[in-house]
Amino acid sequence: MMRQYSVIALLLMIFCNAVSAGEKAEIKTDNIYDVVIVGGGFSGLTAAYNLKDKNILILEKEDVIGGRCLSGRWNGFHYPKGTEYIGEPEGYMKELFKELGVEAEKIPAPTDGVAYNGKFYLGKEILDFLNDDEKRQYYSLLKRLDKLNKRGIEDAIFEDQLDIIDYEHLDNESVKEWLTRNGYPELIQKFFDVENRGLFGTDNSNYSMLFDIPEMAFNFPVPSYINESVVYSFKNGMYSIIDAFLKHLKDDMITGAYVNSVIVNTDKTVSVSYIKNGELITVRSRAVVMATPAPVTETVVDNYLSTGVRNTLNNIKYSKYATINFFLKKRLLHETWSVSCIDEGEVVTLYDATRPQVDSLYRGKSILSVYMAPEYAYDKGFTGQSDRELLNSAYATLNKYYPGFEGNVLGYDITRFEYAFPIFSPNYGNKLRVLLKDRTVKGPLFLAGDYMMYATVDGAFYSGKKAAESIQEYLK
């Protein structure tokens, strides 16, 4: 049906200029681009920035650019609705931020805490929820993870992805299977589980051990380093990166553009059809970057991708996620920045959103961010919950640690993510090999997104960069 409409849309393009007057897409005389980027999250914007010397167009379905990097403002404070921090910028990310004119700042230490059985464990006592034997095994585990990571796993994930086959024995196991096989106690496993659900939206039993190693080697707290921070954000929160991208790319972008068809033509140009304000518009391009979730890409691209690529994209599942930002009469969480909530159901992490913006003595109005994920990655029931059900779940946890919590709430902001994180299930390396090697994604179609590399902000940036490099070579 969409293919029938796209022909009509081409004939009517002259009449569509009124839809988005002044936008770059509507003032082109030939309406043919070097590159169209579908998706305005980190990966799409990074690809676009690296291709800004080309004639490009970015199409974003939502009215706001940024994907999972959304933010809000309340009482003079900014707060994250999705992505809340990054590690220390290194390599390409450091170079990119310098070019964009944004400077990452350390979130003030201490930044870690644990909530378990109604009690907070903070500062030097952060591991006191473990007994002495569990602590010994915890330290042993951290050393083991660090040793594994130094064998080149991180380099394989970010640079030489086809080398992942060298670590197939780790990719064959889930985190749960690996921890159990090596005899780590249940409470340590629960700690890993809540961290993985907070970082990747995925429980231990559904996450590849290989892809867990780099983050776990970096992320877990040690009391002797409790007053050192290794997490970063920006002056106006993570959305500062999006604002910086927009300074370079806003004239190349259309928001509220729902892409419903991507067709590779016989001359190897690509026709991209999208709906904007109820009008169907079609543009042509020499190349297209699909920076959308894997199943969306499989649905939108019409009859060009190989069966292997289609099946792979369709079999990459995504975890669901929700955040609640509570606007409070007074600041409750001030001893640390984040708290991992072990064994607390759907609540996985608490964040003091105001910490980077106030001094340690501030006790006035503040924002507490609550991050929620299903206990099991494929639990569809989590998505169907009403706002009231999510709130009740959050209140049940928060009242354990702050009795009468609801009486301190002035308001709240709930945000849901349908495609929060691609689930890097065991044997994910096999999926990557298909997506990296298949000829149907080597031009004129190219794939970008964290599912192509690593389910983190870093993965999104690097994936966008790699897609841009491939297109530069293709368009020579």
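Couple of notes before you dig in:
- Footprinting exposure proxy for V289, V434, V175 (fewest neighbouring C-beta atoms within 10 Å first): V434, V175, V289
- Charge dipole of the chain about the Cα centre (unit charges at C-beta), most positive-ward option of F220, F245, L162: F245
- Scanning residues 5 or more positions from C341 or on other chains, those with amide H under 5 Å from its amide H are A115, T349, L350, with H placed 1.01 Å from N in the peptide plane.
- At R0 = 35 Å, FRET efficiency that the Cβ-Cβ distance of K476 and Y139 yields, to 0.05: 0.10
- Its Cα gyration tensor gives segment 283-362 an equivalent ellipsoid, and the semi-axes of that ellipsoid, as √(5λ) in whole Å with the largest first, are 43, 18, 10.
- Working note: Cα atoms of segment 198-237, range along each principal axis, descending, whole Å: 34, 30, 14.
- Annotation: segment 139-220 has a Kirkwood hydrodynamic radius of 12.8 angstrom, from the mean reciprocal C-alpha pair distance.
- Translational diffusion coefficient (Stokes-Einstein; Kirkwood radius from C-alpha pairs) of the chain at 37 °C, 0.692 mPa s, in µm²/s: 140
- Cut-off under 5 Å, modelled amide H: who pairs with Y33 long-range: R284, S285, R286
- Total charge dipole magnitude, the chain, about the Cα centre, Cβ charges on Lys, Arg, Asp, Glu only, Debye to nearest 20: 760
- The protection proxy used here, the mean number of other Cβ atoms lying within 10 Å of each residue, ranks peptides 273-279, 297-303, 400-406 as follows, highest first: 297-303, 273-279, 400-406.
- Each residue in M253, M453 was given a count of other beta-carbon atoms within 10 angstrom of its own, and listing them fewest first yields M253, M453.
- Amide hydrogen neighbours beyond the local backbone of T111, cut-off 5 Å, H modeled: W337
- FRET E, pair E469, V434, Förster distance 35 Å, beta-carbon r, rounded to 0.05: 0.95
- Rg/Rh, computed from the Cα trace of segment 375-476 with Rh as the Kirkwood radius, has the value 1.18.
- Selection from A467, P110, Y454, by position along the positive dipole direction of the chain (Cβ): A467
- For q = 0.26 Å⁻¹, Debye-computed log10 I/I(0) when each Cα of segment 171-218 counts as one equal scatterer: -0.97
- Fewest-first sequence of F97, F421 by Cβ atoms within 10 Å of each Cβ: F97, F421
- Placing pseudo-labels 7 Å out from each Cα toward the beta carbon at L410 and D53 gives an inter-label distance of 5.0 nm.
- Taken one residue at a time, the phi angles of segment 468-476 give Karplus couplings (6.51, -1.76, 1.60, θ = phi - 60°) of 5, 4, 5, 6, 4, 5, 5, 8, 4 Hz. Gly and Pro are set to x.
- Compared with the alpha-carbon gap, the fully stretched path from E105 to N265 is longer by 52.9 nm at 0.36 nm per residue.
- The slack in the chain from E159 to V222, taken as 0.36 nm per residue of separation less the alpha-carbon distance, amounts to 19.8 nm.
- Added length on full extension, which subtracts the Cα-Cα distance from 0.36 nm per residue, D379 to T307: 23.1 nm
Any read-out appearing in this document is the output of simple, stated calculations on the displayed coordinates, not a laboratory observation. Quick caveat, the model's predicted, so the values are computed rather than measured. Note that we place each Cβ from the backbone using ideal geometry, even for glycine, and neighbour counts take in every protein chain shown.
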